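One structure is given here, and the rest of the page talks about it.
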Amino acid sequence: MKKVLILVGVLALLGGGGFVAWLTLIAPSSAPVVTADAGQPIYYEMEPITAPFVRDGAFTRFVTLILDLELSGSRDLQHVRDFTPRLRDAFATDLLDLAMIRPPEERLLNIARVKARLLASAKRVLGEDAVRDVLVQVTH
């Protein structure tokens, strides 16, 4: 019985190690980047970000935004990766600010205002030339 338990433990360790090896070495990378043809912009897909939705001064729900950054070129890609935590923090602050100043008569999320605010933050965090545009998709 003792040998069976040891064998099961060893197999579990090997299975777990194999799974980790598969994830890190064999499985296709899930890097959040979609590149375009030569001469075309590069898009960096960020992890979804959650924004509060406020109506009449009271929180009503969260909205999830999927953000893609249109970069000026491949030279900016590593720079964006390095500054992603700071960029996500700036975006979260912007989205909270926008939720608090949203006019009560505005029934929907103003995507144009969100894009403009996030693009300004991206340029502030990453530099004026790194990001051309911020593409926004809203999920509920």
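A short reminder: the numbers here are calculations on the coordinates, not readings from a lab. Since this is a predicted model, take the numbers as computed values, not measurements. Here the Cβ is made from the backbone with ideal geometry for all residues, glycine too, and neighbour counts use every protein chain on show.
Things to note:
Every residue, every condition in (1) among the polar types (S, T, N, Q); (2) in contact (Cβ under 8 Å) with a residue 60 or more places away in the chain; (3) in contact with a Pro (Cβ under 9 Å, 6 or more places away or on another chain); (4) at positive phi, yes or no:
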residue	(1), (2), (3), (4)
THR60	yes, no, yes, no
LEU65	no, yes, yes, no
SER74	yes, no, no, no
VAL80	no, no, no, no
LEU87	no, no, no, no
ALA90	no, no, no, no
ASP94	no, no, no, no
ALA99	no, no, yes, no
ARG102	no, no, no, no
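- Pairs meeting the criteria (first residue in the range 124-140 and acidic (Asp, Glu), second residue surrounded by 11 or more Cβ atoms within 10 Å (Cβ to Cβ), beta carbons under 6 Å, at least 6 apart or on different chains) are ASP129/SER72; ASP133/GLU70.
- Test result for THR139, over 19 Å from TYR43 (Cα atoms), surrounded by fewer than 13 Cβ atoms within 10 Å (Cβ to Cβ), within 14 Å of the chain's Cα centre (by Cα) and not aliphatic (A, V, I, L, M): yes
- Condition check for ALA116: in contact with a helix residue (DSSP H, G or I) (Cβ under 8 Å, 6 or more places away or on another chain) and small (Gly, Ala, Ser): no
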